[in-house]
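A short write-up of the structure that comes next.
The values are calculated or read from the model by the stated rules, or taken from the named source; none is laboratory data. Computed from a predicted model, the values in this text were never measured in an experiment. Backbone-built Cβ (ideal geometry, glycine too); neighbour counts: all protein chains shown.
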Ligand SMILES: [Zn+2]
């Protein structure tokens with residue numbers, strides 16, 4: 001019976017963000033992620049069909065006859081880089097649990113692919129270096145989020161890397177199944193040759209959703225390539241642009257039973273995206289124009305118009321507390337509009353203290369960005385909630401969320417949801433618990449880049465991508481990179497990067 005270790009450290013790092021991440025964020029529940037787990041606690045992921053690769057891997061482990069050895073698993077909401085000390089503490093725990101569980105026949109790791117720590121060092125590469133030293137040449141398979149910026153060294157260190165294929169990410173569980181299947185092939189002595197390619201252009205976040213083209217066609221092609229005899233696994237990483245490292249950007253992995261087939265598969269996928277490069281460009285509307293358009297469209301439909309405040313997305317490491325969009329919605333007289341989640345612990349606490357029905361003068365949001373100010377007004381406290389509830393949409397279904405004190409505030413006809421814990425707006429439950437039925441609203445303004453599409457997309461009449469300043473810059477040609485590799489195009493058919501120094 002092959003003995004397989006399972007663990008992981010998950011963080012998506014925006015190197016331009018000022019939002020800190022500390023050890024506490026990894027130890028305790030943090031937005032999308034549950035608390036750090038060790039020992040039998042990791043096996044709890046196997047009790048249901050949760051949207052994590054660890055859950056999928058555990059689900060199929062018995063069918064492959066794996067004896068699972070539990071290491072350490074943790075994750076934290078995207079932010080600025082973790083400190084060297086925080087990273088080393090986490091990796092130290094992973095390594096200790098690994099040493100206690102030797103010998104192993106295989107190791108599965110649940111990683112992100114865009115983790116950066118300390119003085120701009122690549123987290124995945126360091127994790128893979130350290131664990132490789134300990135386990136030697138056993139099969140080492142890692143699951144990655146499709147936003148991984150993959151360093152060629154980490155590709156070499158892992159026996160296989162397998163990325164998500166959906167954005168919104170609704171295939172965490174399925175990715176675990178893919179990893180378990182390839183692990184079974186490897187521990188049974190199956191051949192695995194590999195090929196790696198970097199895309200010569202970056203993909204802006206708004207071009208990445210797999211629910212529409214161009215990305216939808218790309219991932220359909222990934223499945224086609226993978227169905228071919230002798231091909232073991234194909235991954236298209238879309239990359240995470242707000243990260244100032246040489247290897248930032250999309251990459252391709254192909255694994256096959258011969259080297260020729262791996263190379264040919266990787267080349268075909270690279271050609272496929274190059275043929276569509278012109279489609280990987282940005283389409284954002286300035287805040288005031290976006291609100292005017294939303295008001296106009298909302299008047300023509302019974303279903304809500306979605307406004308995606310994509311640059312203030314907690315899920316990309318932004319503060320999720322900017323108020324440009326809130327201010328414009330109020331000023332332009334938007335009706336039946338809701339905006340959330342605005343991260344503001346103090347506003348939530350004051351609303352709690354005042355109680356439902358109270359009208360209070362509040363300064364909401366606007367605390368985190370330099371030069372930005374809160375939106376101060378009289379708000380009516382419509383509903384407060386302790387922030388503990390169960391997710392209902394595809395991203396967080398059946399998972400317990402804890403956003404701390406939450407409040408539903410009303411200013412004119414704009415409903416504002418504030419939370420104590422920072423989290424991307426990606427599930428209708430985040431609004432429903434404070435008494436907002438998204439289906440009955442005219443405009444839903446969501447601080448999210450794409451994940452909102454999974455649950456809010458089906459109930460909407462239109463989607464508008466908003467350009468309001470925050471810690472994410474959607475158009476990579478406007479990001480102040482200094483360390484990207486020379487010559488990479490900053491978006492589809494965009495300008496090439498060359499170091500400004
Ligand atoms: Zn992602």
Being more than 15 Å from the ligand (Cβ to nearest atom) and closer than 17 Å to residue 168 by Cβ narrows it down to one residue among 200, 209, 214; which is it? 214
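Going by the structure shown, is residue 163 surrounded by fewer than 23 Cβ atoms within 10 Å (Cβ to Cβ) and modelled with pLDDT of 95 or more?
Numbers: surrounded by fewer than 23 Cβ atoms within 10 Å (Cβ to Cβ): no; modelled with pLDDT of 95 or more: yes.
Here the answer is no, as residue 163 does not meet what is asked.
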Can you tell me how many residues in region 476-491 are within 19 Å of residue 277 (Cα to Cα), surrounded by fewer than 19 Cβ atoms within 10 Å (Cβ to Cβ) and touching a residue at least 12 places away in the same chain (Cβ under 8 Å)? 4
Can you list the helices (runs of 4 or more DSSP H) found entirely within region 84-170 that contain at least 2 residues being within 16 Å of the ligand (Cβ to nearest atom) and touching a strand residue (DSSP E or B) at 6+ places or on another chain (Cβ under 6 Å)? 123-135
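Here is a yes/no grid of residues against (1) in contact with a helix residue (DSSP H, G or I) (Cβ under 6 Å, 6 or more places away or on another chain); (2) surrounded by fewer than 18 Cβ atoms within 10 Å (Cβ to Cβ); (3) closer than 13 Å to residue 415 by Cα; (4) modelled with pLDDT of 95 or more:
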residue: 346; (1), (2), (3), (4): no, yes, no, yes
residue: 350; (1), (2), (3), (4): no, no, no, yes
residue: 363; (1), (2), (3), (4): no, yes, no, yes
residue: 369; (1), (2), (3), (4): no, no, no, no
residue: 373; (1), (2), (3), (4): no, yes, no, no
residue: 378; (1), (2), (3), (4): no, yes, yes, yes
residue: 387; (1), (2), (3), (4): no, no, no, yes
residue: 392; (1), (2), (3), (4): yes, yes, no, yes
Given 470, 460, which one is crowded, with 16+ Cβ neighbours inside 10 Å and more than 17 Å from residue 336 (Cα to Cα)? 470
If the requirement is being out of contact with any strand residue (DSSP E or B) (no Cβ under 7 Å at 6 or more places or on another chain) and surrounded by fewer than 20 Cβ atoms within 10 Å (Cβ to Cβ), which of these qualifies: 440, 383? 440
Name every residue in region 219-244 that is assigned to a loop (DSSP other than H, G, I, E, B), within 16 Å of the ligand (Cβ to nearest atom) and out of contact with any helix residue (DSSP H, G or I) (no Cβ under 6 Å at 6 or more places or on another chain), in order of residue number. 238, 239, 240, 242, 243
Is it true that some residue in region 192-201 is in the same structural domain as residue 164 (by TED's automatic domain parsing), buried (at least 19 other Cβ atoms within 10 Å of the Cβ) and in a loop (DSSP other than H, G, I, E, B)? yes
Residue match in region 57-67 (condition: touching a residue at least 24 places away in the same chain (Cβ under 8 Å) and under 20 Å from residue 124 (Cα atoms)): yes
Can you confirm whether region 86-98 contains a residue that is without any contact (Cβ under 8 Å) to a residue 40 or more places away in the chain and crowded, with 18+ Cβ neighbours inside 10 Å? yes
Residue check for residue 49: under 26 Å from residue 471 (Cα atoms) and away from the ligand (no atom under 16 Å from the Cβ): no
Of all residues in region 1-30, which are under 16 Å from the mean Cα position of the chain (by Cα), assigned to a strand (DSSP E or B) and under 23 Å from residue 96 (Cα atoms)? 8, 9, 10
Single unsatisfied condition, residue 68 versus (1) modelled with pLDDT under 95; (2) in contact with a strand residue (DSSP E or B) (Cβ under 6 Å, 6 or more places away or on another chain): (1)
Identify the single condition in (1) surrounded by 23 or more Cβ atoms within 10 Å (Cβ to Cβ); (2) assigned to a loop (DSSP other than H, G, I, E, B); (3) away from the ligand (no atom under 16 Å from the Cβ) that residue 64 does not satisfy, given that it satisfies every other one. (1)
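Quick check on my filter: what residues within region 171-191 are outside any helix (DSSP H, G or I) and either more than 22 Å from residue 266 (Cα to Cα) or within 16 Å of the ligand (Cβ to nearest atom) (or both)?
Listed by number, the residues that qualify are 171, 188, 189.
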Looking at 16, 52, which is the one that is touching a helix residue (DSSP H, G or I) at 6+ places or on another chain (Cβ under 9 Å) and in the same structural domain as residue 189 (by TED's automatic domain parsing)? 52
Single condition residue 318 does not satisfy, out of (1) in contact with a helix residue (DSSP H, G or I) (Cβ under 7 Å, 6 or more places away or on another chain); (2) away from the ligand (no atom under 16 Å from the Cβ): (2)
